[in-house]
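The values are calculated or read from the model by the stated rules, or taken from the named source; none is laboratory data. Note that the structure is predicted; figures quoted are calculated from it, not measured. Every residue, glycine as well, gets a Cβ built from its backbone with ideal geometry; the counts of neighbours run over all protein chains shown. Remember, those area values only see protein heavy atoms, side chains included, never the ligands or the DNA or RNA. Shrake-Rupley method; radii C 1.70, N 1.55, O 1.52, S 1.80 Å.
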Amino acid sequence: MSNPEARPDEVVCEGSDAAGVELMTPREVPLGGPRAMSVRRTLPQRQRSLIGAWCFLDHYGPDPVDATGGMRVAPHPHTGLQTVSWLFEGEIEHRDSAGNVAMVRPGEVNLMTGGRGISHSEVSTATTSVLHGAQLWVALPDASRHTDPGFEHYVPEELRGDGWRGRVFLGSLLGDTSPVATFTPLLGAELVLDPGTHLHVPVDPSFELGVLVDLGSVTVGGLDAKVGDLAFIPSGGEELVLRAGDEGCRILVLGGPPFGESIVMWWNFVGRSHEEIVGFRAEWQRQIADEATGGIVADSRRVADGRFGVVPDQPLAPIPAPALPNARLRERR
Ligand code: MN
């Protein structure tokens, strides 16, 4: 997904030492257009921008497509991150400049590596009547952030226990391990708890964790979390203690060791400095101007001389970058 904000802030994200559990509440961000769908954003926030390497979390739906128009995100660029798409309902067609065309479906993870640069589009399919899902970004560590673009699709087995079921799409939980490779240790899983279920889930104590509530309510780490909330649990614990509310819950459990690097996020880019972000923006703007005048021709291969490449067979015009903020943020070390 493209960050739809017209005036996105530049966010300097520093790995912070966690004091304790925190309840992070979402803010509504419209995807643009008069009747467009909006998303509930819980990452980044002023007080916390990263959970492990997870640096962006938009949660949306369930939205009736006939009221919102569904998802029509035209080609847009990314750098220095991976995107993770997880759907609860609906279907989205993904196309990227590395030549990947894939359907995002409920219970199936699509992970796109932006690395040094990629562009992609995301459009809900004609058969989709309701859209409901989460779009997540993972920051790449400095040593890996210039890697080649890539794409992986994986369908985890459903796990079942007493009063719960789950799917592990990244990392390891509840005896299952995802084969999807990541550049830092990560956890991503969906859990569904029946009403009143009380579950102690063993976790890696080096991981900080985030629990996003998609349906129902849950008490996690002593916090009462409702739909849209993201509960943060600092590293150090050996188990995640969950108690589902009266209507049960569906949650995403995210985690990883504290990232330990400062990043600069702006619009769809992750970099390490203001200057780098300015450069990425200029390259994207130059590319879409070249495309408009026929200087770059889309084909199934990534264009060799463009950082972001061209999304093949996608008639939607690429999204121009918003204006940069007036104030230059001071770098923090
Ligand atoms: Mn995107």
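Before moving on, here are some points about what is shown:
- Between helix 274-292 and the chain: long-axis angle, C-alpha atoms, 0 to 90°, nearest 10: 60
- Highest GNM mean-square fluctuation among GLY175, GLY80, GLY309, for the chain modelled with Cα contacts below 10 Å: GLY175.
- Packing, as the average of other Cβ atoms within 10 Å across residues, places the peptides 68-74, 122-128 in the order 68-74, 122-128, highest first.
- For region 46-85 and region 176-251, distance of Cα centres in Å: 20
- Dividing the summed helix terms, -39500 (n - 2.57) for each DSSP H run of n ≥ 4, by the number of residues in the chain produces a 222 nm estimate of -2000 deg cm²/dmol to the nearest 500.
- Separation between Cα centres of region 93-136 and region 147-170, rounded to whole Å: 16
- Accessible area of the chain belonging to carbon and sulfur atoms, whole % at 1.4 Å probe: 49
- For region 1-148: rounded, prolate or oblate by the Cα gyration tensor [a/c cutoff 1.5]: oblate
- FRET E, pair ASP224, ALA6, Förster distance 25 Å, beta-carbon r, rounded to 0.05: 0.15
- Highest mobility in the GNM of the chain, judged by mean-square fluctuation with C-alpha springs under 10 Å and restricted to PRO315, PRO205, PRO179, is found for PRO315.
- Cα gyration tensor shape for the chain, rounded if a/c is under 1.5, else prolate or oblate: prolate
- For the pair GLU247 and THR25 in one chain, pulling the backbone fully straight at 0.36 nm per residue adds 77.9 nm over the alpha carbon distance.
- Ordered by solvent-accessible area of protein heavy atoms (1.4 Å probe), largest first, the residues VAL310, VAL130 come out as VAL130, VAL310.
- When the Gaussian network model of the chain links Cα atoms closer than 10 Å, the mean-square fluctuations of ALA36, ALA143, ALA317 top out at ALA143.
- Probe 1.4 Å, accessible area per residue of the chain, Å²: 41
- Computed from the C-beta positions of THR293 and LEU159, the FRET efficiency with R₀ = 51 Å rounds to 0.45.
- Between the residues VAL227, THR68, GLY245, the greatest Cα displacement towards the positive end of the dipole of the chain, with unit charges on the Cβ of Lys, Arg, Asp and Glu, is found for THR68.
- Solvent exposure of ARG145, expressed as accessible area, is near 20 Å², computed with a probe of 1.4 Å over the protein chains only.
- Rg then Dmax, both in Å and based on the Cα atoms of region 133-244: 14.8, 46.
- Dipole of the chain computed with +1 at Lys/Arg Cβ and -1 at Asp/Glu Cβ about the Cα centre; of LEU50, THR79, PRO185, farthest Cα towards the positive end is THR79.
- With the simple spin-label model, which puts each label point 7 Å out from Cα in the Cβ direction, the THR147 to LEU316 separation comes to 2.6 nm.
- Shape of region 226-279, Cα gyration tensor, a/c cut at 1.5: oblate
- Mean Cβ neighbour count within 10 Å, used as a protection proxy, ranking 148-156, 206-214 highest first: 206-214, 148-156
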